[in-house]
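The next block holds one structure in the form of structure tokens; read it before the comments.
The values are calculated or read from the model by the stated rules, or taken from the named source; none is laboratory data. As the structure is a prediction and not an experimental result, all values here were calculated from the model. Neighbour counts run over all protein chains shown; Cβ positions are idealised from the backbone, glycine included. Areas reflect the complete protein model, heavy atoms only, side chains present, ligands, DNA and RNA absent. Shrake-Rupley method; radii C 1.70, N 1.55, O 1.52, S 1.80 Å.
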Amino acid sequence: MATYLVFLGPPGAGKGTQAKRLAHELQIPQISTGDLFREHLRQETALGKRANEYIKKGELVPDEVTVGMVRDRLSAADCADGAIFDGFPRTASQARALDEILDEKGATLTAVFCVDISEEELLRRLTGRRVCRENGHIFHLEFNPPEEAGACDYDGSELYQRDDDKEETVRERIRVYQEQTAPLCSHYDKRGKLVEIDGEQSIEAVTESLLQALADGQDE
Ligand code: ADP
Ligand code: ADP
């Protein structure tokens, strides 16, 4: 059976970091809508320019744009055995669309991870976050520094600070998360899909908790 996983959690909770590690472990792709939008912007596509109007303000990109992009990505051959969604769904309407898309594939969600973390820790993580230009690999100046300052350990490309990781945009993104995305946790809990994860552990310990939760789920 294909494995489809979702990461919910506020900006800076560690979704991208963990989704990449699980993708490597499980050999299924990570689908980060944030990364897809940033790639569109880099390529200067119409979608990228439209999305950036929202991203720079810390608002959500409209559902129809986001869902269309995910539908497209999921039709690629590498998603046949599953995928790990990082930062999608973020609204009730996106959650419904995801159910429909998976339904059309004869698939269902395996589990939804909700990563818990305090607001204080989020701000520390977001202000120190640096990502690489080439592939979006994630580092932190203090908590997960690259071997060589300013360069990605994996592909050598330049590390930069995202525009939307400035403090005022960060606060708006956290507010938007609480208002529009956090309610999805109880939605998935009611459906028996939710696994709560303590996001304040070390990067390695969070991955262990995720793998343990998946193994426990398989035993049921
Ligand atoms: P983070 O990892 O910090 O949560 P992302 O890289 O996932 O941030 O997203 C960056 C921005 O891209 C969001 O603030 C939002 O503007 C836009 N975005 C990403 N995913 C979605 C989505 N599923 N729906 C709407 N907008 C999105
Ligand atoms: P999200 O995708 O949820 O926005 P990221 O995975 O980009 O979060 O992580 C945000 C920042 O926090 C990054 O700089 C990352 O290196 C760092 N980070 C991620 N997980 C941890 C952790 N468990 N402990 C300390 N720092 C972390």
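Quick query: amide H of GLN30 versus all other amide H atoms, modeled in the peptide plane; which residues come in under 5 Å with a sequence gap of 5 or more or a different chain?
ILE84
Determine the gain in length on full extension of the stretch GLN212-GLU120; use 0.36 nm per residue of separation and subtract their C-alpha separation, reporting nm with one decimal.
Full-extension gain reported as 30.4 nm.
What nm distance separates the two modelled labels at GLU168 and GLU134, each placed 7 Å from Cα along Cα→Cβ?
3.5 nm
Just flag the GluC sites (Glu not before Pro) in the range 1-73 sitting in loop per DSSP whose Cβ has no more than 15 other Cβ atoms within 10 Å.
Filter output for the range 1-73: GLU44, GLU59.
Determine the share of the chain's accessible area contributed by carbon and sulfur atoms, expressed in whole percent, with a 1.4 angstrom probe.
On the way: 5160 of 11340 Å².
Taking all protein chains in place, the chain shows 46 percent carbon and sulfur surface.
So what are the ³J(HN,Hα) numbers for the range 2-9, from phi and the Karplus equation (6.51, -1.76, 1.60; θ = phi - 60°), rounded to whole Hz, Gly and Pro as x?
For the range 2-9, the Karplus curve yields 5, 10, 10, 10, 10, 9, 10, x Hz.
Once phi is turned into ³J(HN,Hα) by the Karplus curve 6.51 cos²θ - 1.76 cosθ + 1.60 with θ = phi - 60°, what whole-Hz value does each residue of the range 52-61 show in order, with x for glycine and proline?
Per-residue couplings from phi come out as 5, 4, 8, 4, 5, 8, x, 8, 7, 5 Hz.
Below 12 Å, Cα to Cα, which aspartates and glutamates can LYS57 reach? Residues fewer than 8 away in the same chain don't count.
Result set, ordered by chain and number: ASP163, ASP164, ASP165, GLU167, GLU168, GLU172.
Give a quick list of trypsin sites (Lys or Arg not before Pro) in the range 1-98 that DSSP marks as loop, anything other than H, G, I, E or B, with at most 15 other Cβ atoms within 10 Å. Intermediate values should be presented prior to the final figure.
Details: sites: LYS15, LYS20, ARG21, ARG38, ARG42, LYS49, ARG50, LYS56, LYS57, ARG71, ARG73, ARG90, ARG96; in loops: LYS56, LYS57, ARG90.
Filter output for the range 1-98: LYS56, LYS57.
Once phi is turned into ³J(HN,Hα) by the Karplus curve 6.51 cos²θ - 1.76 cosθ + 1.60 with θ = phi - 60°, what whole-Hz value does each residue of the range 145-152 show in order, with x for glycine and proline?
After applying 6.51 cos²θ - 1.76 cosθ + 1.60, I find x, x, 5, 10, 3, x, 10, 6 Hz.
Suppose the chain between GLU200 and GLN178 were pulled fully straight at 0.36 nm per residue; how much longer would it get relative to their current alpha carbon spacing?
6.1 nm
Can you give the calculated 222 nm mean residue ellipticity of the chain, where each DSSP H run of n ≥ 4 adds -39,500 (n - 2.57) and the sum is split over every residue, rounded to the nearest 500 deg cm²/dmol? Mind showing how you got there, number by number?
Working: 9 runs with 102 residues, N = 220.
My calculation for the chain gives -14000 deg cm²/dmol from helical runs alone.
Which parts of the range 48-86 would a label at GLN27 reach, counting a residue when its backbone N lies under 15 Å from a point 7 Å out along Cα-to-Cβ?
78-83
If the label point is 7 Å along Cα→Cβ of ASP155, which residues in the range 1-36 have backbone nitrogen under 19 Å from it?
16-25, 27-36
If R0 is 45 Å, what FRET efficiency do you get for GLU44 and GLU148 from their C-beta distance, rounded to 0.05?
On the way: r = 29 Å, r/R0 = 0.66.
Approximately 0.95, to the nearest 0.05.
For the pairs LYS56/LYS190; LYS49/LYS166; LYS105/LYS193; LYS15/LYS193, note any where the Cα-Cα span goes beyond 22 Å. It would help to have the intermediate numbers written out before the result.
On the way: LYS56/LYS190 34 Å; LYS49/LYS166 20 Å; LYS105/LYS193 19 Å; LYS15/LYS193 17 Å.
From the list (LYS56/LYS190; LYS49/LYS166; LYS105/LYS193; LYS15/LYS193), the Cα-Cα distance tops 22 Å for LYS56/LYS190.
Taking the simple approach of a point 7 Å from Cα along Cα-to-Cβ for both ALA77 and GLU104, what is their distance in nm?
According to this spin-label approximation, the distance is 2.1 nm.
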